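Written out below as structure tokens is the structure these notes cover.
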């Protein structure tokens with residue numbers, strides 16, 4: 001266990017931020033899962049901007065890397081466009 005007051009506080013802060021980050025990352029993953037499972041073109045096109053926004057916010061706050069957010073958005077866009085053609 002930590003002996004310094006500052007390190008005890010730092011442990012508390014780190015745990016709180018970790019839980020906060022995990023919640024938002026998990027929420028975004030679930031939204032992506034829902035979008036990938038969607039077979040309806042109109043529904044997917046409505047969900048896509050919301051999911052992209054979530055990913056952008058995660059990247060902006062360094063919860064995920066900006067390139068990872070871009071790669072995920074690209075894959076989701078391909079999925080939505082493939083639905084539009086079918």
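Below are the figures for this structure:
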read-out	value
Search result, residues across the stretch 5-42 that are touching a helix residue (DSSP H, G or I) at 6+ places or on another chain (Cβ under 9 Å) and modelled with pLDDT under 95	38, 39, 40, 41
Residues that are part of a helix (DSSP H, G or I), within 9 Å of the chain's Cα centre (by Cα) and within 21 Å of residue 17 (Cβ to Cβ), drawn from the stretch 52-77	54, 55, 56, 57, 58, 59, 69
Only one of 22, 29 that is surrounded by 11 or more Cβ atoms within 10 Å (Cβ to Cβ), under 12 Å from the mean Cα position of the chain (by Cα) and more than 27 Å from residue 81 (Cβ to Cβ)	22
Checklist (1) surrounded by 11 or more Cβ atoms within 10 Å (Cβ to Cβ); (2) in a loop (DSSP other than H, G, I, E, B) applied to residue 82, failing item	(2)
Failed criterion for residue 3 (all others in (1) part of a loop (DSSP other than H, G, I, E, B); (2) within 11 Å of the chain's Cα centre (by Cα) hold)	(2)
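Yes/no matrix, rows are residues, columns are (1) within 19 Å of residue 68 (Cβ to Cβ); (2) in contact (Cβ under 8 Å) with a residue 60 or more places away in the chain; (3) assigned to a helix (DSSP H, G or I):
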{"position": "7", "(1), (2), (3)": "no, no, yes"}
{"position": "23", "(1), (2), (3)": "yes, no, yes"}
{"position": "33", "(1), (2), (3)": "yes, no, yes"}
{"position": "39", "(1), (2), (3)": "no, no, no"}
{"position": "43", "(1), (2), (3)": "no, no, yes"}
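The values are calculated or read from the model by the stated rules, or taken from the named source; none is laboratory data. Remember, it's a predicted structure, so these values are computed and weren't measured experimentally. For neighbour counting, all protein chains shown are included, and Cβ atoms are generated from backbone atoms with ideal geometry for every residue, glycine included.
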